[in-house]
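To keep things clear, I will list the structure first and then write my remarks on it.
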Amino acid sequence: MVDSHAHLQHERFAADLEEVLERARVAGIERILVPGWDLVSSEAALDLAERHAPLIEAAVGVHPHHAAELDERGWQQLAALARDSRASAVGEIGLDYFRNLSPPELQRGALARQLTMAAEAELPVLVHDRDAHDDVAEALLAWPGLPGRPVQGVLHAFSGDATMASRLVAAGFLVSFALPVAFRSAVGPRAAAPILHPGSFLVETDAPYLGPDRERRNEPVTALRVVAELAALRDVPAEDLAGPIRAAYERLLGRA
């Protein structure tokens with residue numbers, strides 16, 4: 001199994017990261033993709049990937065919340081991180097119109113710039129989308145992408161609907177489900193989960209976020225609960241999903 005999106009460089013893991021990783025290994029999780037959200041966290045993701053290979057792999061990027069923070073020097077630093085041999089993807093990038101911690105126009109500019117950066121580095125993208133479905137889909141469908149690569153990126157913690165999922169999967173993107181797919185309020189993701197073909201979706205935790213409740217820290221072992229929920233929605237044994245999910249993860253990173 002894999003956790004395709006976990007922020008293990010977050011301060012909430014500072015005291016017990018080794019124990020968290022050991023629980024993941026015991027649970028059968030073999031790969032964890034750790035994305036950055038700004039320059040410092042991106043550098044930390046690369047460091048984790050170096051220290052905990054092959055379990056941890058890294059992505060570098062600027063989250064839409066931080067889109068207004070980078071000056072030109074910062075953008076050059078981020079581009080250098082994307083060219084680092086330890087970087088497996090560009091992310092977490094995207095749009096967030098729910099909180100708008102950066103102005104929407106700056107978010108869109110940062111997304112466009114990082115899509116170009118990913119293409120230049122020949123890396124897939126990890127895309128955040130909250131209340132920005134139309135603009136995210138438009139940006140991804142207009143992106144020239146990675147010629148010759150079957151998978152261009154992944155919609156992380158997917159919150160869109162079945163139509164959006166089908167449209168982006170057809171364009172070479174994966175859809176990743178997190179624990180909220182278990183909540184009946186997640187109407188769109190729950191409708192999308194049963195219709196996607198095996199190998200077109202991933203699971204993730206978004207640790208330390210999106211945990212079982214507001215107080216508890218999330219961690220990679222929760223990925224198994226996400227798999228169980230997807231299996232129930234698809235009316236198949238959970239064991240049947242592990243192989244296609246792992247294969248999709250390998251295709252995302254250009255290894256299959």
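The values are calculated or read from the model by the stated rules, or taken from the named source; none is laboratory data. Note that the coordinates shown come from a computational prediction; the quantities given were computed from them, not determined experimentally. Positions of Cβ are generated from backbone atoms using ideal geometry, with glycine treated the same way; all protein chains shown enter the neighbour counts.
Condition check for P64 on (1) touching a residue at least 40 places away in the same chain (Cβ under 8 Å); (2) in contact with a Lys or Arg (Cβ under 9 Å, 6 or more places away or on another chain); (3) of a type outside the set (V, I, T); (4) over 19 Å from G94 (Cβ atoms): one failure, at (4).
L106: closer than 18 Å to L70 by Cβ and either of a type in the set (A, V, I, L, M, F, W, C) or within 18 Å of the chain's Cα centre (by Cα) (or both), yes or no?
Considered against the rule, which asks whether it is closer than 18 Å to L70 by Cβ and either of a type in the set (A, V, I, L, M, F, W, C) or within 18 Å of the chain's Cα centre (by Cα) (or both), L106 comes out as yes.
Can you name the residue in region 67-89 that is free of Cβ contacts under 8 Å to residues at least 60 places away in the same chain and touching a strand residue (DSSP E or B) at 6+ places or on another chain (Cβ under 6 Å) and, of all such residues, is farthest from A139 (Cα to Cα)? The residue in question is R86. For region 87-94, the criterion of being among the acidic types (D, E), crowded, with 24+ Cβ neighbours inside 10 Å and either in a strand (DSSP E or B) or at pLDDT 95 or above (or both) is satisfied by at least one residue. Sub-9 Å Cβ pairs linking a first residue in region 229-252 that is on the phi > 0 side of the Ramachandran plot to a second residue that is at pLDDT 95 or above and surrounded by fewer than 17 Cβ atoms within 10 Å (Cβ to Cβ), at least 6 apart or interchain, are D235/P194, ordered by first then second residue.
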